[in-house]
1. Give me the distance in nm between label points sitting 7 Å out from Cα along the Cα-to-Cβ direction at residue 46 and residue 439, one decimal.
2. Find how much the distance from residue 23 to residue 158 grows on full extension, using 0.36 nm per residue of separation minus their present alpha carbon separation; answer in nm with one decimal.
3. Return one number: the angle in degrees, 0 to 90 and rounded to the nearest 10, between the long axis of the Cα atoms of helix 317-332 and the longest principal axis of the Cα atoms of the chain.
4. Can you sort 87, 57 from fewest to most other Cβ atoms within 10 Å of each residue's own Cβ?
5. If each residue of separation counts as 0.36 nm, what is the full-extension length gain between residue 87 and residue 269 once their alpha-carbon separation is subtracted?
6. Compare the peptides 14-27, 208-221 by average per-residue count of other Cβ atoms within 10 angstrom and give them in order, highest first.
7. I need the calculated FRET efficiency for the pair residue 178 and residue 380, taking r as the beta carbon distance and R₀ as 51 Å, to the nearest 0.05.
8. Taking the highest mean first, how do the peptides 329-338, 316-325 order by number of other beta carbon atoms within 10 angstrom per residue?
């Protein structure tokens, strides 16, 4: 060790560092220093040279940015990707029956393994998941070194892993005890939606989340039908109904929120809830455009999500940043809205805030967890690099990610996953997915 140098575990040098900190600093020729699981220092090359580390990555002018945050997905649904893409009423006619026949713990594990691999390859370092057998999603995240919020689905009928909603709550509490204190995996509750659960169950979820200090994820205000049915049954919007049963609070991340009026958005803001904006899934389903820009203007933390691979077909946030910007520009007929810088914020620090995790992830700052993506600038479509935010949103794609660091560990270096075989994941995944098409054909 050079005399006077400070010891660290990892240094990423010579990059264009996009911090996404409060001042939105962009540091040319910058360095990020990591000790253990935390970022020790972020600054110019001179600062980086004060440190020595066992592992040094020369970013060689590439973009060094916070790892991206996928605020809503159903990871195991990779096994259903490409099924029922263009049929109406997929949820009731297709997805629920398919899940009842096909979903097992093994399917969830290998489906999640492929999903997590896809996200790591795309520079995603945190994802929020809701599905069945969520302990298997937690295991997959742990095995590949991914940060995850795993939400066991609570739904008002017999699910693949739980006969009743109360069983799902009990399963979640057992998971929370088993995974308590884990550095990567956080357990939460995932009531499916206001329309698929009784009011008493929603109140029960709210009580348990408060007592056990658990985060909550839910689908909310996703369709016009949901809005109409809630008005007919309860005389309230879905958002107002959720508030009436005690679930609209600062533990909640609400996915979609397409049908939210000014009163709803005021309630969301005042409650401290976060919102997951899923532009790709919503557009593909023809549901509409969520008022995400208005929510952001009101101070609601809004992040980006992919939804499941059966709904959005991809799990990368680059595609969502680009699509979100273009959809909102088109909707408002104004190219000045949904700027590239705004979209990078939604894919990183705002996504972390929507999951109530901004104190620990989402930006490159000393004291935060070392979740980092290094994006190549060497490909044809990334030249020239006049504006880093524009490049990330309008030009970059998932395959440009060279290195991914999660919790201080280099989980992908030069597109290789140290210590894990892609071929094994592919082989086991293909074995599971191979039987799905026949099950789907019988529905």
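Rule-based calculations on the coordinates, nothing more; no lab input. Since we're looking at a predicted model, the values are computed, not measured. When we count neighbours, we look across all protein chains shown, and the Cβ atoms used for this are built from the backbone with ideal geometry, even at glycine.
1. 6.1
2. Working: separation 135, 0.36 × 135 = 48.60 nm, distance 4.90 nm.
Residue separation times 0.36 nm, minus the Cα-Cα distance, leaves 43.7 nm.
3. 70
4. Working: 87 9, 57 23.
With the sparsest Cβ surroundings first, the list reads 87, 57.
5. 62.0 nm
6. 208-221, 14-27
7. Numbers: r = 48 Å, r/R0 = 0.94.
Efficiency computed from Cβ-Cβ geometry: 0.60.
8. On the way: 329-338: 12.6, 316-325: 24.7.
Highest to lowest by the protection proxy: 316-325, 329-338.
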